[in-house]
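The values are calculated or read from the model by the stated rules, or taken from the named source; none is laboratory data. Since we're looking at a predicted model, the values are computed, not measured. In case anyone asks, the SASA skips ligands and DNA or RNA and just uses the protein heavy atoms, side chains included. Shrake-Rupley method; radii C 1.70, N 1.55, O 1.52, S 1.80 Å.
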Amino acid sequence: MKTVELKLPEIGLLAMTRVAFGVGLGLLLSSKLDPRQQKAAGVALLLIGALTTVPFAVRFFADDE
């Protein structure tokens, strides 16, 4: 098993990216906003969540051995 050490601010950032991803997905699936607003907000948050995950994925899968 691979172990990656993260500092507290990095854990917070990782948590916020998961929240943005989840909220974006939730907005895309909900019906509380009009369809145009819903799609715009959902896609924006989904993309922010996905794109901010890339640095963590690169760090995790990098071969530092």
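Go ahead and set up a Gaussian network model of the chain, Cα springs under 10 Å, then flag whichever of Gly24, Gly49, Gly12 fluctuates most. So, out of Gly24, Gly49, Gly12, the one fluctuating most is Gly12. When the helices of the chain are scored as -39500 (n - 2.57) per DSSP H run of n ≥ 4 and the total is divided over every residue, the value at 222 nm lands at -24000 deg cm²/dmol.
Remark: the Leu25-Ala50 segment gains 7.9 nm on full extension, using 0.36 nm per residue and subtracting the alpha carbon distance.
The share of accessible area on the chain that comes from carbon and sulfur is 71 percent, using a 1.4 angstrom probe. Listed by number, the DSSP H helices of the chain that run 30 Å or longer by alpha-carbon position along their axis and have mean Kyte hydropathy of at least 1.6 are 8-29.
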